[in-house]
């Protein structure tokens, strides 16, 4: 999959905004973990940003984690 630089940058910016929102729910999250959760929770943006396939079944696990559940496997 080939993504132009502008789309990748835009996806990264949007993912970081989402990561900041996730950190409001779970303040103990590091930037790195929050970004990974944002990628798992938004696979289309994650694929644009990383250039790699992202699993599509993790959104429910991310939501449970943000509500106090265990970290997605």
Close pairs from region 2-14: first on the phi > 0 side of the Ramachandran plot and loosely packed, with under 14 Cβ neighbours inside 10 Å, partner in a helix (DSSP H, G or I) and at pLDDT below 95, Cβ under 9 Å, at least 6 apart | none
Quickly run through region 29-45 and pick out the residues that are within 20 Å of residue 7 (Cα to Cα) and free of Cβ contacts under 8 Å to residues at least 12 places away in the same chain.
-> 36, 44
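Results for (1) surrounded by 14 or more Cβ atoms within 10 Å (Cβ to Cβ); (2) without any contact (Cβ under 8 Å) to a residue 40 or more places away in the chain; (3) assigned to a helix (DSSP H, G or I), shown as yes or no for each residue.
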residue	(1), (2), (3)
16	yes, yes, yes
19	yes, yes, yes
23	yes, yes, yes
47	yes, no, yes
72	yes, yes, no
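The values are calculated or read from the model by the stated rules, or taken from the named source; none is laboratory data. Only a predicted model underlies this, so the values are computations on that prediction, with no experimental measurement involved. Backbone-built Cβ (ideal geometry, glycine too); neighbour counts: all protein chains shown.
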